[in-house]
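Enquirer: I have a structure I would like to understand better, so I am pasting it below and will then ask my questions one at a time.
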């Protein structure tokens, strides 16, 4: 399925997209459902890729609304796809959490920008937004959050090994990837074994930027003391991840200066 196949439906629809219409259903597997939403655009010139698990209903709704608006205003297919993805990707509170963590490890310095907040504004050309699962997946009607495991279900594995794999091929060997959370890291490690990318391209270890992860994010950013953490937060794992990320970025900056 592609944006082109759905463009007529989107431009003529009066649906408010607070729920996703049955016409957008792509696949069903047990209690998992995958729907189409316009997250097809690939920024092949990107230097950094931000990769979540899957778009949620909020992001899907925003993307569909923006695509419809663009098409009704006479935008081309490519313009509508790009606008929809840029408007909806990591929309909501996740953006603030994500940019804070990326700045904290120094990614903005590698990219030569003041803050990674600019990746959602003036410097979108540097970034490709994506998900392990390009299209929104729901489990029993709720946003899918990585369980059952992505690679354990045929409909989900298919998305990884077609859409995400194709994106990696299009982006090239110099691109860096930020998988958001351990479930997405597992997907990239799987694709790494297939030779699609190298270990040095992965900037893994960030806590997922979801608001539900507030304690881990606060600790990662240095805002919460170790002794006040709940048993759900493994400080040693976060400390090691931060040190690894900062060391990798320091090395990349050094190599860039040599070039």
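Nothing in this text is a laboratory measurement; each read-out follows from the coordinates by a stated rule. Worth saying up front: this structure is predicted, and the values here are computed from it rather than measured. As a convention, Cβ positions derive from the backbone with ideal geometry for all residues, glycine included, and neighbour counts pool all protein chains shown.
Enquirer: Restricting the stretch 83-106 to residues that are outside any helix (DSSP H, G or I) and touching a residue at least 40 places away in the same chain (Cβ under 8 Å), which is farthest from the chain's Cα centre (by Cα)?
Expert: Step one: of the stretch 83-106, the residues outside any helix (DSSP H, G or I) are 89-93, 106.
Next, only the ones that are touching a residue at least 40 places away in the same chain (Cβ under 8 Å) stay: 89-90, 93, 106.
Values: 89: 7, 90: 7, 93: 14, 106: 19 Å.
Residue satisfying both the conditions and the ranking: 106.
Enquirer: How many of the residues in the stretch 107-162 are within 20 Å of residue 195 (Cα to Cα) and assigned to a loop (DSSP other than H, G, I, E, B)?
Expert: 2
Enquirer: Taking the options 206, 252, name whichever one is touching a residue at least 60 places away in the same chain (Cβ under 8 Å), over 25 Å from residue 148 (Cβ atoms) and either in contact with a helix residue (DSSP H, G or I) (Cβ under 7 Å, 6 or more places away or on another chain) or part of a loop (DSSP other than H, G, I, E, B) (or both).
Expert: Working: 206 fails: over 25 Å from residue 148 (Cβ atoms).
Just a single option satisfies the conditions, and that option is 252.
Enquirer: Look at the stretch 163-203 and say how many of its residues are outside any helix (DSSP H, G or I) and on the phi < 0 side of the Ramachandran plot. Break it down into steps so the answer makes sense when it comes.
Expert: Keep residues of the stretch 163-203 that are outside any helix (DSSP H, G or I), which gives 172-181, 194-198, 202-203.
Okay, now just the ones that are also on the phi < 0 side of the Ramachandran plot, so 173-180, 194, 196-198, 202-203.
Here the count works out to 14.
Enquirer: Now, a different point. Pick out the one residue from 67, 46, 37 that is in a loop (DSSP other than H, G, I, E, B) and within 21 Å of residue 121 (Cα to Cα).
Expert: 46
Enquirer: Right, here's the next one. Looking at (1) farther than 15 Å from residue 50 by Cα; (2) within 20 Å of the chain's Cα centre (by Cα), which is the only condition residue 254 fails?
Expert: Status for residue 254: all satisfied but (2).
Enquirer: Which ones in the stretch 114-140 are free of Cβ contacts under 8 Å to residues at least 60 places away in the same chain and either over 17 Å from the mean Cα position of the chain (by Cα) or surrounded by 15 or more Cβ atoms within 10 Å (Cβ to Cβ) (or both)?
Expert: Of everything in the stretch 114-140, those that are free of Cβ contacts under 8 Å to residues at least 60 places away in the same chain and either over 17 Å from the mean Cα position of the chain (by Cα) or surrounded by 15 or more Cβ atoms within 10 Å (Cβ to Cβ) (or both) turn out to be 114, 115, 116, 117, 118, 120, 122, 123.
Enquirer: Determine the pairs where a residue that is on the phi > 0 side of the Ramachandran plot and touching a residue at least 24 places away in the same chain (Cβ under 8 Å), located within the stretch 56-74, has a partner that is surrounded by 18 or more Cβ atoms within 10 Å (Cβ to Cβ) and not in a helix (DSSP H, G or I) with Cβ atoms under 6 Å apart, the partner being 6 or more residues away or on another chain.
Expert: none
Enquirer: Consider residue 93 carefully, then state whether it is surrounded by 22 or more Cβ atoms within 10 Å (Cβ to Cβ), out of contact with any strand residue (DSSP E or B) (no Cβ under 9 Å at 6 or more places or on another chain) and more than 24 Å from residue 44 (Cβ to Cβ).
Expert: Against the criterion (surrounded by 22 or more Cβ atoms within 10 Å (Cβ to Cβ), out of contact with any strand residue (DSSP E or B) (no Cβ under 9 Å at 6 or more places or on another chain) and more than 24 Å from residue 44 (Cβ to Cβ)), residue 93 does not qualify.
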